[in-house]
Amino acid sequence: RQYAEELLASSPERYQAMKRRHADHYASVVVVALPLLDRHHSADLAAAITIEYDNLRAALQWSFSIDGDRRLGHRLAGALWRYWGQTWQLSEAEHWWREALAGPEPPESQEWGQVLNGAGTFMYVAGQLERGRELLDRAAGVLGRTGDRVHQVMALSTLAHISCTQQRFEAALEYAEHAARIARTLPEAWPLCHAISNGLSIVHKSLGQFDLAEACLDEALAKAQQTGADPWGVASVARARARLAIDRGHLDGARGRTVVAIGAVR
């Protein structure tokens, strides 16, 4: 690799062309992988990305270099955020979010919206709630205007989470209901499962509206079970429903929902 790099460096034009082709290839690879990571939380897929991660890091380094292409860097970072989160590479994520957010803001695009979404989610996990809120609010707007409704749902649900944490329940309910409205229009079940298990049901529960929390979880579970292609969606909603049943002292119901959750992903 070092020898090949030395040979390429002797021809700057060829060197840059090769670096661009390399980065473009790996950006395409992770863009294809992102929806699978969203849906399935696949350990096998995360392991496959880990095998290629030195190449992905090299592509990120070139993309954010002076001679690189920041648009490609945004495609890479915007698609890798789920991988960094699922593998808990928080320091790695922090480094690349800092690189991605540096410099002037680019024109609105789906990739830029995913960068804002990933960075905002990371800031929330890292305890930087106001910075996370600001980035996610921008992400929800960009993703909505560029037609990425799936990740708009995720951004809005996380905003609802942050607002609950800050006891801003009116804002939390607005974000959560907005996410659920969008998710209900999508053919796949998992965005609705995410919007309700990670957003709307939590807000209702925080407000003491347990019947509403149960109703929206049952709605998401029914949709996930009808589609039959989203085991993790079924599991996440059934688990949330079981936890709510425990909170209400309905242990038999909790046991039944737990069996559904385990059976979905066994």
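Some values worked out for this structure:
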| read-out | value |
| --- | --- |
| Gyration tensor verdict on region 28-163 (Cα atoms; rounded if a/c is under 1.5, prolate if a/b is larger than b/c, oblate otherwise) | rounded |
| Charge-dipole axis of the chain as Lys and Arg at +1 and Asp and Glu at -1 on Cβ define it, positive-most pick from 190, 246, 83 | 246 |
| Relative contact order for region 1-107, counting Cα pairs under 8 Å that sit 6 or more residues apart, in percent | 28 |
| Longest site-free stretch - the chain; sites: GluC sites (Glu not before Pro), DSSP loop, at most 16 other Cβ within 10 Å | 109-266 |
| Residue-level accessible surface for residue 25, protein heavy atoms, 1.4 Å, Å² | 100 |
| Most to least accessible of 101, 136 (protein chains only, probe 1.4 Å) | 101, 136 |
| Ratio Rg/Rh [Cα only; Rh per Kirkwood] for region 145-222 | 0.96 |
| Over region 107-170, equivalent-ellipsoid semi-axes from the Cα gyration tensor in Å | 20, 12, 8 |
| Modelled FRET efficiency - R0 35 Å, residue 6 with residue 149, Cβ distances, 0.05 increments | 0.15 |
| Tilt relative to the chain, helix 70-86 - C-alpha long axis, 0 to 90 degrees, to 10 | 40 |
| Percent of C-alpha pairs per 5 Å bin, region 183-249, short to long | 4, 22, 32, 23, 12, 5, 1 |
| 20 Å reach of a label modelled at residue 251, 7 Å along Cα-to-Cβ, counting backbone N of region 213-245 | 239-245 |
| Carbon/sulfur fraction of accessible area - the chain, other protein chains in place, 1.4 Å, % | 54 |
| Accessible area (Å², per residue) of the chain, counting only protein heavy atoms and a probe of 1.4 Å | 50 |
| Exposure ranking of 29, 142, 150 by accessible area [1.4 Å probe, largest first] | 29, 150, 142 |
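The values are calculated or read from the model by the stated rules, or taken from the named source; none is laboratory data. Note that this is a predicted model, so its numbers are computed, not measured. We place every Cβ from the backbone using ideal geometry, glycine too, and count neighbours over all the protein chains shown. What goes into the accessible areas is simple: the full protein's heavy atoms, side chains included, and nothing from ligands, DNA or RNA. Shrake-Rupley method; radii C 1.70, N 1.55, O 1.52, S 1.80 Å.
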